[in-house]
Amino acid sequence: MTSFVPNKIFFTRGVGRGESQLQSFEEALRDGGIAPFNLVSISSIFPPYAEVVTPSEGLKLLHPGQIIFTVLARNSSNELNRMMSAAIGYALPSDRSKWGYLSEHHSYGETEKVAGFFAEKLAAEMLASTMGMADRLVWDKNKEEYVLQDRILTTKNICSTAVVMKPGEWTTVISAAVLIMDE
C-alpha cells in the first residue's frame, strides 16, 4: 500500500487584481508562484516529520500541470477601499513524530498582523486541544509565538492583505501551505 504523506511544505502568498473575480484569483496565484499547478484543497494537518522549505526550494520539486495539495486561504472583493486578508497559521508539536495543525483565516478590515496572529492562534488552539491542554496555551512575548510548556515547538503565520484600489476592479488575496511528497 502506498502512503501519501507529504514530507515537505512551503508557504506562499499573493495579491491579484483584474476585471473579474476569476482573473484576480489567477493573478494572486501567479504572484504566489503556484498558478501553473492543479490545486487540491485539503484539510489542516501538518504531517509528522514534514520539513518546512522555502518557496524556491519547494517550487523546484514541482512540475507545471502537477496536482498539488494545498491548504488555501482566499478572499476577494470589488468594493472600493475594502481591505481584505487571507492567512495561514501553523503550530508544530515538539515531538515531530506527531502531527501539527494548519489553519486558514480570511477576513475583511483586519491588518496583516491581526489576521496572521488570529490564524496562528487558531492552529495553536487546535494543537493544544488535541493534547488536552487548551487551558495552558500562552503567548510568549520574547519568542513571539504560542507555547504550551514544552509541547509546542513553534507557531508561525503567513498573511496577505490588500485594498481594492479602483472602482469595479476585483482584488484577491491568497495565502497557501503547499504540501509536497518528495520521494
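So the values come out like this:
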| item | result |
| --- | --- |
| Residue selected from region 77-109 under the condition surrounded by fewer than 23 Cβ atoms within 10 Å (Cβ to Cβ), small (G, A, S) and touching a Ser or Thr at 6+ places or on another chain (Cβ under 7 Å), by the criterion farthest from A123 (Cα to Cα) | S77 |
| Long-range neighbours under 7 Å by Cβ, at least six apart or interchain, first residue among the aromatic types (F, W, Y) within region 48-59, second outside any helix (DSSP H, G or I) and surrounded by 14 or more Cβ atoms within 10 Å (Cβ to Cβ) | Y49/N7; Y49/R96 |
| Index of the failed condition, P6 passing every other in (1) surrounded by fewer than 19 Cβ atoms within 10 Å (Cβ to Cβ); (2) modelled with pLDDT under 95; (3) of a type outside the set (F, W, Y) | (1) |
| Where a residue in region 67-91 is over 12 Å from Y108 (Cα atoms) and its partner, wherever it lies, is buried (at least 20 other Cβ atoms within 10 Å of the Cβ) and of a type in the set (S, T, Y), with Cβ under 6 Å and at least six apart | A73/S175; I88/S175; G89/S103; A91/Y101; A91/T155 |
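Residue-wise test of (1) at pLDDT below 95; (2) assigned to a strand (DSSP E or B); (3) not hydroxyl-bearing (S, T, Y).
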residue	(1), (2), (3)
G58	no, no, yes
H63	no, no, yes
F69	no, yes, yes
L72	no, yes, yes
N75	no, yes, yes
E79	no, no, yes
Y90	no, yes, no
K98	yes, no, yes
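Per-residue answers, yes or no, for (1) surrounded by 14 or more Cβ atoms within 10 Å (Cβ to Cβ); (2) among the basic types (K, R):
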{"site": "F10", "(1), (2)": "yes, no"}
{"site": "R13", "(1), (2)": "yes, yes"}
{"site": "L29", "(1), (2)": "yes, no"}
{"site": "G33", "(1), (2)": "yes, no"}
{"site": "P47", "(1), (2)": "yes, no"}
{"site": "K60", "(1), (2)": "no, yes"}
{"site": "H63", "(1), (2)": "no, no"}
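The values are calculated or read from the model by the stated rules, or taken from the named source; none is laboratory data. In this text, all values refer to a predicted model and were calculated from it rather than measured experimentally. Heads up, the Cβs are rebuilt from the backbone with ideal geometry, glycines too, and the neighbour counts pull from every protein chain shown.
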